[in-house]
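> Structure in structure tokens, see below.
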Amino acid sequence: QGKPFRPSDWAERLAGVMSPFRPGGAGTQAHLTYSPYVVPGLHQGVKCVRVDARLHGIEPMAYKFLRGFAADNDLEILEQS
């Protein structure tokens, strides 16, 4: 809708929830770093979450959750090849 999504740290929170999903599974320290498959970032100056499609092969439900979160909150999804 063109307005900033709230709360302002939503991307970091969402990526934090996905931290256990990583190559080789979650280790004992997984909660301390972001998954390489779900990382907060910026796209053209707008806060975003970058999701690697390989997440679907590791945990389809996590990937479905992220897609559903974006759809439920009217967030724009950009797909890159």
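The values are calculated or read from the model by the stated rules, or taken from the named source; none is laboratory data. Everything numeric in this text was worked out from a predicted model, so none of it was measured. Here the Cβ is made from the backbone with ideal geometry for all residues, glycine too, and neighbour counts use every protein chain on show. Side chains are part of the model used for accessible areas, which takes the heavy atoms of the whole protein and leaves out ligands, DNA and RNA. Shrake-Rupley method; radii C 1.70, N 1.55, O 1.52, S 1.80 Å.
> When you scan the range 28-35, do you find a residue that is of a type in the set (Gly, Ala, Ser) and on the phi > 0 side of the Ramachandran plot, even just one?
The answer is no, given that none of the residues of the range 28-35 is of a type in the set (Gly, Ala, Ser) and on the phi > 0 side of the Ramachandran plot.
> Can you name the condition, by its number, that Val17 falls short on among (1) modelled with pLDDT of 90 or more; (2) over 11 Å from the mean Cα position of the chain (by Cα)?
Failed condition: (2).
> Specify the residue that is modelled with the highest pLDDT; the eligible residues are those in the range 47-81 that are open to solvent by 100 Å² or more (accessible area, probe 1.4 Å) and of a type in the set (Asp, Glu).
Looking at residues that are open to solvent by 100 Å² or more (accessible area, probe 1.4 Å) and of a type in the set (Asp, Glu), I get Asp72.
> Please specify each residue of the range 23-46 satisfying the condition of being at pLDDT below 75 and of a type outside the set (A, V, I, L, M).
Result: Gly24, Gly25, Gly27, Thr28, Gln29, His31.
> For Ile77, are the conditions met, namely being without any contact (Cβ under 8 Å) to a residue 40 or more places away in the chain and within 12 Å of the chain's Cα centre (by Cα)?
So Ile77 fits the description; yes.
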